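Undergrad: Here's a structure for you.
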Amino acid sequence: MGALLHELFLQPFAEFGFMRRALVGVTAIALGSVPVGVFLMLRRMSLTGDAMAHAILPGAAVGFLVAGLSLPAMTIGGLVAGMMVAVAAGFVARSTLLLEDASLAAFYLISLALGVLIVSLRGSNVDLMHVLFGTVLALDNAALLLLASISTITLLALAFLYRAMVMECVDPAFLGSVSRSSAVAHYGFLLLAVLNLVGGFHALGTLMAVGMMILPAAAARFWATRLHTIIAVAIGIALASGYGGLLLSYHFDLPSGPAIILTTGLAYLASMVVGRVSSLRAHLFPPRHLAA
Amino acid sequence: MNAQRPSAARVSSVAPTAAPPTQGAEVALCNLTLGHDRHPAVHHVEARLEPGSLTALVGPNGSGKSTLLRGIMGELRPMTGQVVLQGAARGRIAYLPQLSRIDRSFPLTVSELVASGLWHLTGIFGGLRADGRARLSEALAAVGMAGSEARSIAALSGGQMQRILFARVLLQDAPLILLDEPFAAIDERTTDDLLDLIDAWHAEGRTVVAVLHDLDMVRARFPNAMLLAREIVAHGPSGAVLSEANLARARARLAAAAQATPDVCEIGEAAPAPALRAVGGEGL
């Protein structure tokens, strides 16, 4: 029995360095992306996150066109493109109020098509798959260092800006009246979102990176009601899903990026059904006693 | 009207920081034009609000009341002219936004939201010390929400939400208080309690400006009024400002302003219709 458990849950990581690296990478992504995702969700910006994630693609693709599968070139390209769309999305939201979701959808469709086109100009289908779905099983030292740096920067920045970011969500007009930190909180947050999407892009690909942000956050809302508990639960779900997804991909020979995101998605669906807070279960079988 | 006096008494007794009368701020609006995206919403406003004055800002929908308040607060940059504040540094203005501008579904507790009223002491990073917590509890008691610290703001009714937002204003202890439609969709009992708080602030010498719609309330409880229709129609003692003649002028000016905008002119002789439509459509 013990041997079986060992073989199922530990041996893949004990035996293969690439599995250990993948686990480290996924952990770093979970620690950085998830808190950002919680704020994205609470600000009803999930779709904006999606648009930014897609917008990174043509930027990274230009980096690829110039330098091939080079980490720095694709990172810088992705950052520049992501920030441009983040700022443009904010501008669109202010000036054309009614069309915001349509504009974002348009942004990301155009970005996706452009990105695929640029990668195909120079690279093979394999390169395209790398860019779209990531290479979580082939993370080298430089990539791991990048992911870890991004999550470190994210956690430090969040610790410093937390109060301003909360007020920017709840009552932005009040924040503007007591502090000048409003703009810093807003653009700092967008920058963090782009940074984490670019980091996630290397491991999970442009299409999947945003999943690690939004899905754990959405799942955690069914379990917790305070902001810090939502963030804690979401990080737990993301870590468990990262680990579980890697195991699934190992044992059943599945592509790892999709396996991780699907595991997170399953956690979301399960939370929606049986979660503690306004889940299906709570709606169908309301608790008879007063929940504290 | 005076049935709720006890809460006012409680307020003055729990505001030890204001024991010597607060020096209210003076607000001077000099040729002030404000608007959004190059469309002016209020034009060339000239006015002075005395230190310690209590002023109701009234006018039809779309007359620029909230815009003017946001201009005084500093959220909107003037297109022309300026706002000159004396006795209230930026960051020391207590601003209560319309309830609709606050995201009440955000997972936050009452004490977390109300404690933001101590921002001038804690800043972005500082903690709440014991005396801060005590002041928070006192402020909640003063608005009739004692012991609600740990409740989620999502579980509050509109009236309870407005009460805790008034508690936040109490904590801000500011020389200038700006309230944007504090009584929209609030029941009578809550309105009376909160009006008593406003009276207490007035008695302490703070300068208070409130956007209001209930003209009877303004006549009864607010010494001064400013009637707005994209410009100042009248400003002074409430009784004189809210005369039928002035109110009719305000409506007419707003209708004329709306008709002057090009996209509502195509209806021709049906004069009242475009005016009504445009006024309703402004929706501040």
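Undergrad: Go through the range A:206-233 residue by residue and tally those that are within 14 Å of chain B (Cβ to nearest Cβ) and either in a helix (DSSP H, G or I) or within 12 Å of A:S33 (Cα to Cα) (or both). Step through it out loud before you land on a result.
TA: Initial filter on the range A:206-233 (within 14 Å of chain B (Cβ to nearest Cβ)): A:217-218, A:220-233.
Those left that are additionally either in a helix (DSSP H, G or I) or within 12 Å of A:S33 (Cα to Cα) (or both): A:217-218, A:220, A:227-233.
Number satisfying all stated conditions: 10.
Undergrad: Oh, and also: Please go through the range A:203-226 and pick out each residue that is more than 15 Å from A:S279 (Cβ to Cβ) and aliphatic (A, V, I, L, M). Don't jump to the end; show me each part of the working.
TA: As a first pass, look at the range A:203-226 and keep what is more than 15 Å from A:S279 (Cβ to Cβ): A:203-217, A:226.
Within the range A:203-226, A:A203, A:L204, A:L207, A:M208, A:A209, A:V210, A:M212, A:M213, A:I214, A:L215, A:A217 meet the criteria.
Undergrad: Among the numbered conditions (1) at pLDDT 90 or above; (2) more than 10 Å from chain A (Cβ to nearest Cβ); (3) surrounded by 22 or more Cβ atoms within 10 Å (Cβ to Cβ), tell me where B:R133 comes up short.
TA: (3)
Undergrad: Follow-up. Looking at B:L165, is it buried (at least 22 other Cβ atoms within 10 Å of the Cβ), of a type in the set (A, V, I, L, M), within 14 Å of chain A (Cβ to nearest Cβ) and farther than 20 Å from B:S53 by Cα?
TA: Details: buried (at least 22 other Cβ atoms within 10 Å of the Cβ): yes; of a type in the set (A, V, I, L, M): yes; within 14 Å of chain A (Cβ to nearest Cβ): yes; farther than 20 Å from B:S53 by Cα: yes.
Yes; evaluated as a whole, the condition is true for this residue.
Undergrad: To continue, here is another question. Check the range B:87-109 and report whether any residue there is away from chain A (no Cβ under 12 Å) and either at pLDDT below 90 or not in a helix (DSSP H, G or I) (or both). Show your work before the answer.
TA: So in the range B:87-109, the residues away from chain A (no Cβ under 12 Å) come out as B:87.
From what's left, either at pLDDT below 90 or not in a helix (DSSP H, G or I) (or both): B:87.
Scanning the range B:87-109, I find at least one residue that is away from chain A (no Cβ under 12 Å) and either at pLDDT below 90 or not in a helix (DSSP H, G or I) (or both), so the answer is yes.
Undergrad: Looking at the range B:23-66, what strands (runs of 3 or more DSSP E) fall wholly within it and have at least 2 residues that are more than 23 Å from B:G87 (Cβ to Cβ)?
TA: Numbers: elements: B:26-36, B:39-49, B:54-58.
It comes to B:26-36, B:39-49.
Undergrad: Here's a follow-up. Inspect the range A:135-157 for any residue being closer than 30 Å to B:S111 by Cα and within 14 Å of chain B (Cβ to nearest Cβ) and give the result as yes or no.
TA: yes
Undergrad: Quick check on the range A:38-82: of everything there that is within 14 Å of chain B (Cβ to nearest Cβ) and in a helix (DSSP H, G or I), which residue is nearest to B:F106 (Cα to Cα)? Give the derivation first.
TA: Let us first name the residues in the range A:38-82 that are within 14 Å of chain B (Cβ to nearest Cβ), namely A:38-45.
With in a helix (DSSP H, G or I) added as a condition, the list becomes A:38-42.
Details: A:V38: 11, A:F39: 10, A:L40: 12, A:M41: 10, A:L42: 7 Å.
Here the answer is A:L42.
Undergrad: Take the residues in the range A:116-151 that are of a type outside the set (A, V, I, L, M, F, W, C) and at pLDDT 85 or above, then tell me which one is farthest from A:G199 (Cα to Cα). Spell out the reasoning first.
TA: First, the residues of the range A:116-151 that are of a type outside the set (A, V, I, L, M, F, W, C): A:120, A:122-125, A:127, A:130, A:134-135, A:140-141, A:149, A:151.
From the residues that got through so far, the ones that are at pLDDT 85 or above too are A:120, A:140-141, A:149, A:151.
On the way: A:S120: 22, A:D140: 13, A:N141: 14, A:S149: 9, A:S151: 9 Å.
The qualifying residue farthest from A:G199 (Cα to Cα) is A:S120.
Undergrad: For the subset of the range A:158-174 comprising residues that are buried (at least 24 other Cβ atoms within 10 Å of the Cβ) and more than 7 Å from every other protein chain (Cβ to nearest Cβ), which member is nearest to the chain's Cα centre (by Cα)?
TA: A:M165
Undergrad: Okay, moving on. Scanning for something away from chain B (no Cβ under 14 Å) and part of a loop (DSSP other than H, G, I, E, B), does the range A:183-205 turn up at least one residue?
TA: yes
Undergrad: Next up: So B:D103 ticks every box in (1) surrounded by fewer than 22 Cβ atoms within 10 Å (Cβ to Cβ); (2) out of contact with any Cys (no Cβ under 7 Å at 6 or more places or on another chain); (3) not small (G, A, S) but one. Which box is left unticked?
TA: (2)
Undergrad: Would you confirm, using the coordinates I've provided, whether A:G275 is closer than 15 Å to A:A224 by Cα, buried (at least 19 other Cβ atoms within 10 Å of the Cβ) and either over 15 Å from the mean Cα position of the chain (by Cα) or at pLDDT below 95 (or both)?
TA: Answer is yes for this residue.
Undergrad: Taking the range B:138-152 on its own, how many of its residues are more than 14 Å from chain A (Cβ to nearest Cβ) and either surrounded by 18 or more Cβ atoms within 10 Å (Cβ to Cβ) or charged (D, E, K, R) (or both)? Let's see the steps before the verdict.
TA: So in the range B:138-152, the residues more than 14 Å from chain A (Cβ to nearest Cβ) come out as B:138-148.
Pick out the ones that are also either surrounded by 18 or more Cβ atoms within 10 Å (Cβ to Cβ) or charged (D, E, K, R) (or both) and you get B:138-140, B:142-145, B:148.
Final tally of qualifying residues: 8.
Undergrad: Moving on to the next point. In this structure, is B:L178 in contact (Cβ under 8 Å) with a residue 60 or more places away in the chain, within 24 Å of B:A252 (Cα to Cα), of a type outside the set (K, R) and crowded, with 22+ Cβ neighbours inside 10 Å?
TA: Here the answer is no, as B:L178 does not meet what is asked.
Undergrad: Next question, about the same structure. Does A:A238 satisfy being modelled with pLDDT of 90 or more, in a helix (DSSP H, G or I) and within 14 Å of chain B (Cβ to nearest Cβ)?
TA: Values: modelled with pLDDT of 90 or more: yes; in a helix (DSSP H, G or I): yes; within 14 Å of chain B (Cβ to nearest Cβ): no.
No, not satisfied.
The values are calculated or read from the model by the stated rules, or taken from the named source; none is laboratory data. Everything quoted here is computed from the prediction, not taken from an experiment. Positions of Cβ are generated from backbone atoms using ideal geometry, with glycine treated the same way; all protein chains shown enter the neighbour counts.
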